[in-house]
Amino acid sequence: MTLPPPVVPRLADDGETTSLLDWLRVVADQNVPETLQQAAVPVAWMGRTSTDDAQDPTLSLPRQLENSRNALPPGFVIVAKFYDVESGRNTVERRGTGTAHRQFDIPIPRDGGIADLLAEAKRPDRRFVAVVCESIERVARTTYFSTKIEYDLEQSGVALLAADEGIDPAAVPGAHESAAPFRKATPTLTRRIKQAISEWYVLNMLELSWGGTKAHTNQGFNIGKPPYGYLASRTRHPVKLKAEQGKVKHRLVPDPVRGPVVTQIFLWRALDRLGYQAIADRLNLDPDRYPPPDPILGQGRRRVGAWTASNVREILDNPKHTGYMVWNRRKRPRPERDIRGRVNPSSAWVWSAVPTHEPLVTREIFEAASAVARFRKGSRSGTGRQAKSRRTYLLRSYLRCDLCDRRTWGHTVKTNTYYRCSPDSKHHAHQQWYATHPAHVVVREDVIMEPLARFFQRRVFGDGRDHLLARSINERTGSDGDAARAAALTAEIAGLQQRQDNLVRELESFEPSGDDDFDRAWRSGLQARFRAILAEQRQKKEHQADLARQSRTRPVADLSLLEMIPQAHTDLGRLPEDRQRRVYDAFHLELRYNDLSGELDIRVTITGDTATELAATVKAATEQSSHLGTPGSTEPAPVRDDLVAEALRARGGTRTRTPRGSRF
Ligand SMILES: [Zn+2]
């Protein structure tokens, strides 16, 4: 700057005198240091190096500072420096709270991170009127976040400047006489485009790596620890460069010991409908045969050296056991972006197009095992922790209210157990059944137990069971059944066709009467009848198709399946609850209670797939009881190892037989 010529104090001619104090003041004013005296514009610098890219913060941050400083107009001075080493995709709340910068020796004094910058911007005694950065993507990678930070600064009266956009002093409120109180149009457009490009760049990278991982999945390569039951077999990396760097890919091969364990777990689940804990208990009886999994330690996981309900569940949930490679089952937790780790819905899973490794379970059994969770929902195995602390309701998972098809609730009054169904007008008023449903359907457990035990005794385990089943099958498929209905429909449709033909013939042979009004009325009357017949015919044909579909899907009864179930003379009601449940689960027991008619519908299902396992389960459950001396059992009690061995021995052949249903 240029100083004005010094004012020399002197005695005025007119005799006036300047005091010494005045003179000192003038001299002091003329010698103020330059930076203090001039109206300098104080700015804060903001820098960021991403943890995502392979950048060196010790080089990148000084470069950003230098570029920012060079772009500042004369009179603008950097008075504070804020920077972070973190991802530009973190949420605003999480920004500037990291400590990654401490790992580097960055030669820039640090006033804080972006959080500190934003906090100071709000304070009245802030040291700056504008913030400068190298480019807008240094603020954030996500447009939403960078515009939010820009907006927050603006609300405090602080301008956000970017070196690569060129800095106009007029953009800083109060720093220039031409500064307008709002952002300028064209620079804002430029900035928004840059933000969009920056966001596109990130998303494009993600897309490319997603596509790469998909391809990797399709080729059957495994990421991460191989699932229980498999071993990772190293293969040469298909990319030559990566192979030369010593990188390998992994394929899954069955573990000779653990592979069969997985198969067994799926069978117990899908066919016996065992709970997770019940399966774990069985496995723990023989740790040599069923070695427990080694968890990936950390994050609350520890080695327990035994099977637990949760590691059984993990195996049942893992679709890789079907021989397909599946990816994107879980979302990786990213606490810095407020993203919690979770299991993705199965619709988001990426399956390889074809099987890529040897399956330990078929896809059908896998699906069946997943469906068991829905079936068992609300029921507990008697061995869990909850079961000890709470009363168990033996029939709850099997007993439905026939009026509304909803599962009943168990409750206890004194020592009696009841099952009830109480619809809620708020949720069910729109349902068809609501009007006729009593406010409360309540049925006592022993009222159900008595016929249920009798049913098993006579129709499942009893001497005359095959006759009883054959008779009920005949009753159901008798001549007055579906066949008769189908025949009647065919006749009705033929009749309608005949009437239609007659009408057409009448129209064809029509001769005008000469009276136009009469002719018109006659014709339109014929047409209306024709339409009505056509509609009726269409409805009947749909009905016919439904009937045909039903009889096609109805399983063919196979009496021989029942013969595979051992005869027993045990009163099921006297077995311990967990063993009763095992039998009910194995038979896919369904109970429907109709409060209006007082009827109880009892249904059990034996299929070709389940019969062998079922027989073993029944034998084990009932024999053990006779071994214990349950009254009512007349069978000799053979010496038995344990339940598990029995269930296992029966496995052969269950998967090769075509499933055929036998319901009664
Ligand atoms: Zn109901």
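Some notes on this structure:
- Cβ-derived FRET efficiency at R0 35 Å, residue 407 paired with residue 483, nearest 0.05: 0.50
- Between amide H atoms placed 1.01 Å from N, distances below 5 Å from residue 325 occur with 352, 356, all of them 5 or more places distant or on a separate chain.
- Listed residue (142, 51, 153) projecting farthest to the positive dipole end of the stretch 39-203, Cβ model: 153
- Cα-centre dipole for the stretch 479-553 with unit charges at Cβ (Lys and Arg positive, Asp and Glu negative), debye to 20: 500
- Greater than 20 Å apart at Cα, pairs in 225/249; 214/249; 242/320: 242/320
- Potential extension, residue 446-residue 490 segment - 0.36 nm per residue separation minus Cα distance: 11.1 nm
- Across the stretch 151-157, coupling constants 3J(HN,Hα) worked out from phi with the 6.51/-1.76/1.60 Karplus curve, θ = phi - 60°, read 5, 4, 5, 4, 4, 8, x Hz, and Gly and Pro carry x.
- The residue among 495, 468, 413 whose Cα reaches farthest toward the positive pole of the charge dipole of the stretch 412-564, with charges on the beta-carbon of Lys, Arg, Asp and Glu, is 413.
- Using the Cβ-Cβ distance between residue 151 and residue 125 with R0 set to 30 Å, the FRET efficiency from 1/(1 + (r/R0)^6) comes to roughly 0.85.
- Taken along the Cα-to-beta-carbon direction at a fixed 7 Å, the label points for residue 59 and residue 236 span 3.4 nm.
- A simple spin-label model places the labels of residue 332 and residue 559 6.3 nm from each other, with each point 7 Å out along Cα-to-Cβ.
- Between residue 225 and residue 467, the C-beta separation translates, for a Förster distance of 60 Å, into a calculated FRET efficiency of about 0.60.
- Gap separating the Cα centres of the stretch 88-162 and the stretch 392-433, nearest whole Å: 58
- Residue-wise HN-Hα couplings along the stretch 106-121, as the Karplus relation 6.51 cos²θ - 1.76 cosθ + 1.60 with θ = phi - 60° gives them from phi, are 9, x, 9, x, 10, 7, x, x, 5, 5, 5, 4, 5, 5, 5, 4 Hz; Gly and Pro carry x.
- Amide proton proximity set for residue 45, modelled H, under 5 Å, gap of 5+: 79, 80, 81, 82, 132
- Taken one residue at a time, the phi angles of the stretch 539-548 give Karplus couplings (6.51, -1.76, 1.60, θ = phi - 60°) of 4, 5, 5, 5, 4, 4, 5, 4, 4, 5 Hz. Gly and Pro are set to x.
- Relative packing of 134-142, 161-169, 421-429, which averages over residues the other C-beta atoms within 10 Å, highest first: 134-142, 161-169, 421-429
- Farthest toward the positive end of the dipole of the stretch 479-553, out of 510, 543, 533, is the Cα of 543, where the dipole comes from beta carbon charges about the Cα centre.
- Segment residue 347-residue 526, extension gain: residue separation times 0.36 nm, minus the distance between their alpha carbons: 59.0 nm
- Placing +1 on each Lys and Arg Cβ and -1 on each Asp and Glu Cβ, with no other charges, gives the stretch 230-376 a dipole about its Cα centre of roughly 760 debye.
- Footprinting exposure proxy for 61, 252 (fewest neighbouring C-beta atoms within 10 Å first): 252, 61
- Test item: Cα-centred dipole of the stretch 39-203, Lys/Arg +1 and Asp/Glu -1 on Cβ, debye: 220
- Were the residues from residue 603 through residue 67 laid out at 0.36 nm apart, the gain over their Cα-Cα distance would be 185.0 nm.
No lab work stands behind these numbers, since they all come straight from the coordinates. Just so we're clear, the structure is a prediction, and the values are computed from it rather than from any experiment. Here the Cβ is made from the backbone with ideal geometry for all residues, glycine too, and neighbour counts use every protein chain on show.
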